[in-house]
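The structure appears right after this line, and notes come after that.
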Amino acid sequence: MLFWYALIGFFISVFENSFIKLVNLFKAQVIPILQKLEIDDTFFISPFYYVNELLFLGLFYSRVLKDKTGEIVRYAAFVLAGLEILNTVFGEGYKDAQKMGSLLLSLNGIVLPLLFFRQYYTQKNNTSFTQKAYSWISWGILTPYIFSLLIYFLSDSLVTNYPILFYQLSIVRMSIDIIGILMMSYGVSLVRAHKRT
């Protein structure tokens with residue numbers, strides 16, 4: 001599942017970079033179209049990232065969480081992805097950064113790992129090796145989202161009053177994202193190593 005999430009994220013990123021290059025190469029032809037659509041930047045691509053992330057997190061945790069919780073999480077993933085699409089079409093749109101979309105994604109990325117940790121630590125005696133690997137993956141998901149939520153609440157004030165600090169914190173956030181990816185990778189490597197034995 002992580003592979004498909006990463007592959008889709010890769011294609012979205014390729015599309016974003018290709019879009020920037022096409023705009024730079026064919027400014028005269030493309031700029032009037034973008035002005036008509038009121039597109040000034042690549043924020044219009046963010047909803048694709050959000051939907052990919054919401055579906056990945058929901059489907060991943062629907063398999064990891066036990067009992068009815070996993071089933072509820074699976075349905076919630078599709079509902080949240082649908083809400084993000086509706087928010088893009090009828091709500092905040094695609095022209096600027098989505099505050100509600102970003103908040104929804106951050107809260108989802110915090111609540112689901114916390115649900116897993118509640119299960120993991122309350123059933124510690126019965127946890128399998130893969131559950132321990134999933135805890136690494138969950139820490140890799142949770143850590144960046146907590147920092148993202150902090151920046152979400154401070155972003156308006158920081159951009160207005162301290163723009164340099166905002167960009168410095170954004171660099172720190174990207175570094176924390178890398179640490180989260182490394183933690184997830186370690187968790188995946190534990191699962192793969194266990195399957196080989």
Report summary line: Taking a ≥ b ≥ c as the square roots of the eigenvalues of the Cα gyration tensor, with a/c under 1.5 meaning rounded and otherwise prolate when a/b exceeds b/c and oblate if not, the range 126-196 is prolate
**Report entry** FRET efficiency, Phe15 to Leu182 (Cβ-Cβ, R0 22 Å, nearest 0.05)
**Finding:** 0.30
Report summary line: Averaged over all viewing directions, the convex hull of the alpha carbons in the range 143-184 casts a projected area in nm² of 2.5
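Where nothing but the Cβ of Lys and Arg (+1) and of Asp and Glu (-1) is charged, how large is the charge dipole of the range 1-100 around its Cα centre, in debye to the nearest 20? Walk me through the numbers on the way to the answer.
Values: 9 positive and 10 negative charges, 44 e Å.
The dipole of the range 1-100 has a size of about 220 debye.
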Query raised in the report: Which value, in debye to the nearest 20, gives the size of the charge dipole of the range 74-197 about its Cα centre, when Lys and Arg are +1 and Asp and Glu are -1 at the Cβ?
Result: 720
Query raised in the report: ³J(HN,Hα) across the range 56-70 via Karplus (A = 6.51, B = -1.76, C = 1.60, θ = phi - 60°), whole Hz, x for Gly/Pro?
Result: 4, 4, x, 6, 5, 6, 5, 8, 7, 6, 9, 6, 7, 4, x
Query raised in the report: How are the Cα pair distances of the chain distributed, in percent, across 10 Å bins from 0?
Result: 8, 29, 34, 19, 7, 2, 0
Query raised in the report: How large is ³J(HN,Hα), in whole Hz, for each residue of the range 94-99 in order, when computed from phi with the Karplus curve 6.51 cos²θ - 1.76 cosθ + 1.60 and θ = phi - 60°, using x for Gly and Pro?
Result: 10, 7, 10, 4, 8, 6
**Report entry** Segment Tyr121-Phe26, extension gain: residue separation times 0.36 nm, minus the distance between their alpha carbons
**Finding:** 28.6 nm
Report task. Read phi for every residue in the range 186-194 and hand back ³J(HN,Hα) as whole Hz from Karplus 6.51 cos²θ - 1.76 cosθ + 1.60, θ = phi - 60°, with x for Gly and Pro. Result -> 5, x, 5, 5, 5, 5, 5, 5, 5
Report task. Considering the options Leu54, Ile31, Val64, tell which one lies farthest towards the positive end of the dipole of the chain, charges being +1 on Lys and Arg and -1 on Asp and Glu at the Cβ, about the Cα centre. Result -> Val64
Report summary line: So the number of lysine pairs in the chain with alpha-carbon atoms under 18 angstrom apart, 8 or more residues apart or on different chains, is 6
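According to the square roots a ≥ b ≥ c of the eigenvalues of the Cα gyration tensor, what is the shape class of the range 79-164, taking rounded for a/c under 1.5, prolate for a/b larger than b/c otherwise, and oblate for the remainder? It would help to have the intermediate numbers written out before the result.
Numbers: a/c = 3.78, a/b = 1.80, b/c = 2.10.
Note, shape of the range 79-164 comes out oblate.
Checking the a/c ratio against 1.5 first, then a/b against b/c, what shape does the Cα gyration tensor give for the range 1-100? Walk me through the intermediate numbers first.
Working: a/c = 4.88, a/b = 2.01, b/c = 2.43.
Cα axes put the range 1-100 in the oblate bin.
Values in this text are rule-based calculations from the coordinates and carry no lab data. Just so it is clear, the model here is predicted, and its values are computed rather than measured. Quick reminder, even Gly has a Cβ in these numbers, built from the backbone with ideal geometry, and neighbours come from all protein chains shown.
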